[in-house]
Amino acid sequence: MTEKKIILGVDEVGRGPLAGPVVAAAVILFDGHENILIKDSKKIPKNKIGSIANEIKKYSAYAIGMASVAEINELNILQATMLAMRRAIAGIEQNYHLIRIDGNQNPFKESIELGKTVELLIDGDVICRSIAAASIIAKSYRDNLMRELHHQYPYYCWHENKGYGTKNHIKAIREHGISNLHRDLFCRKFIVN
């Protein structure tokens, strides 16, 4: 009898916003997850993300990794995303055989760094349940974080826009300037001198 291959799915959220960290999650799904509605987090209604993420957590081993705004400003968004993914993967204590990552960028220079096989999957959150689960957990975590950060910086309405460049967010940047949680390179073009 062959041993069941344990898959670690990895995905990130928050590459495109003007503010806040980039967040990655790594997830191993256990038996029982089959009855949960797991699909690409972008296709799940906003009011359902949190409850689905909580259900996934009951049937998984998972870890969150983040890269801060300072790290994004220093490294660039791609390298900060890779850092967040490495941090999420490092947080998994459960044994696994294979890492599946959404996208076409490997956060490790070589698979040998981990001693594990790394598979890159374009649209991985559509075709791999563990990646989709990671996208849901990462999105729920980041959305909650941005709602909390809204209380420190209420001008920017992060509780609604989650740091993305909505019309009202850009207007607030022009009126109040950028905060220490804004990504400098992303926001400078909106500042009127």
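Please note which helices (runs of 4 or more DSSP H) are completely contained in segment 94-189 and include at least 2 residues that are within 16 Å of the chain's Cα centre (by Cα), acidic (Asp, Glu) and within 25 Å of Phe30 (Cβ to Cβ).
Details: elements: 124-127, 129-150, 158-161, 167-176, 184-187.
Qualifying helices (runs of 4 or more DSSP H): none found.
Taking Ile72, is it modelled with pLDDT of 95 or more, crowded, with 19+ Cβ neighbours inside 10 Å, in a strand (DSSP E or B) and β-branched (Val, Ile, Thr)? Before the answer, list the steps.
On the way: modelled with pLDDT of 95 or more: yes; crowded, with 19+ Cβ neighbours inside 10 Å: yes; in a strand (DSSP E or B): no; β-branched (Val, Ile, Thr): yes.
It is false that Ile72 is modelled with pLDDT of 95 or more, crowded, with 19+ Cβ neighbours inside 10 Å, in a strand (DSSP E or B) and β-branched (Val, Ile, Thr).
Looking at this structure, is Asn144 modelled with pLDDT of 95 or more, out of contact with any strand residue (DSSP E or B) (no Cβ under 7 Å at 6 or more places or on another chain), surrounded by fewer than 21 Cβ atoms within 10 Å (Cβ to Cβ) and of a type in the set (S, T, N, Q)?
Numbers: modelled with pLDDT of 95 or more: yes; out of contact with any strand residue (DSSP E or B) (no Cβ under 7 Å at 6 or more places or on another chain): yes; surrounded by fewer than 21 Cβ atoms within 10 Å (Cβ to Cβ): yes; of a type in the set (S, T, N, Q): yes.
Criteria met by Asn144.
Just a yes or no: is a residue in segment 12-22 modelled with pLDDT of 95 or more, in contact with a Pro (Cβ under 8 Å, 6 or more places away or on another chain) and either of a type outside the set (Phe, Trp, Tyr) or over 28 Å from Ala80 (Cβ atoms) (or both)?
yes
Which of the residues that make up segment 75-85 are assigned to a helix (DSSP H, G or I) and more than 12 Å from the chain's Cα centre (by Cα)? Steps first, please.
As a first pass, look at segment 75-85 and keep what is assigned to a helix (DSSP H, G or I): 75, 77-85.
Residues satisfying the conditions are Leu75, Ile77, Leu78, Gln79.
What residue, among those in segment 58-69 that are of a type in the set (A, V, I, L, M, F, W, C) and either touching a helix residue (DSSP H, G or I) at 6+ places or on another chain (Cβ under 9 Å) or on the phi > 0 side of the Ramachandran plot (or both), is surrounded by the fewest Cβ atoms within 10 Å (Cβ to Cβ)? Spell out how you get there, then give the answer.
Going residue by residue through segment 58-69, those that are of a type in the set (A, V, I, L, M, F, W, C) are 61, 63-64, 66-67, 69.
Next, only the ones that are either touching a helix residue (DSSP H, G or I) at 6+ places or on another chain (Cβ under 9 Å) or on the phi > 0 side of the Ramachandran plot (or both) stay: 63-64, 66-67, 69.
Working: Ala63: 21, Ile64: 18, Met66: 21, Ala67: 25, Val69: 21.
By that ranking, first place goes to Ile64.
Run Ile6 past the list (1) without any contact (Cβ under 8 Å) to a residue 60 or more places away in the chain; (2) surrounded by fewer than 16 Cβ atoms within 10 Å (Cβ to Cβ); (3) among the aliphatic types (A, V, I, L, M) and report the number of the one that doesn't hold.
All conditions pass for Ile6, except number (1).
Of all residues being touching a strand residue (DSSP E or B) at 6+ places or on another chain (Cβ under 6 Å) and crowded, with 18+ Cβ neighbours inside 10 Å in segment 75-91, which is nearest to Asp11 (Cα to Cα)? Just the residue, please. Break it down into steps so the answer makes sense when it comes.
As a first pass, look at segment 75-91 and keep what is touching a strand residue (DSSP E or B) at 6+ places or on another chain (Cβ under 6 Å): 80-81, 83-85, 87-89, 91.
Applying the additional criterion that residues be crowded, with 18+ Cβ neighbours inside 10 Å yields 80-81, 83-85, 87-89.
Values: Ala80: 13, Thr81: 10, Leu83: 12, Ala84: 10, Met85: 7, Arg87: 12, Ala88: 9, Ile89: 10 Å.
In this case the residue turns out to be Met85.
Within segment 17-49, can you find the residues that are within 20 Å of Gln94 (Cβ to Cβ) and part of a helix (DSSP H, G or I)?
Passing the criteria: His33, Glu34.
Kindly indicate whether Gly163 is surrounded by fewer than 21 Cβ atoms within 10 Å (Cβ to Cβ), among the small types (Gly, Ala, Ser) and either modelled with pLDDT under 95 or at positive phi (or both).
Criteria not met by Gly163.
Just a yes or no: is a residue in segment 50-63 more than 12 Å from the chain's Cα centre (by Cα), modelled with pLDDT of 95 or more and assigned to a loop (DSSP other than H, G, I, E, B)?
No, the conditions are met nowhere in segment 50-63.
Has segment 26-35 got any residue that is crowded, with 23+ Cβ neighbours inside 10 Å, closer than 22 Å to Leu149 by Cβ and at pLDDT 95 or above?
No, every residue in segment 26-35 fails to be crowded, with 23+ Cβ neighbours inside 10 Å, closer than 22 Å to Leu149 by Cβ and at pLDDT 95 or above.
The values are calculated or read from the model by the stated rules, or taken from the named source; none is laboratory data. Computed from a predicted structure; not experimentally measured. Methodologically, a virtual Cβ is constructed for each residue, glycine included, from the backbone with ideal geometry; neighbour enumeration extends over all protein chains shown.
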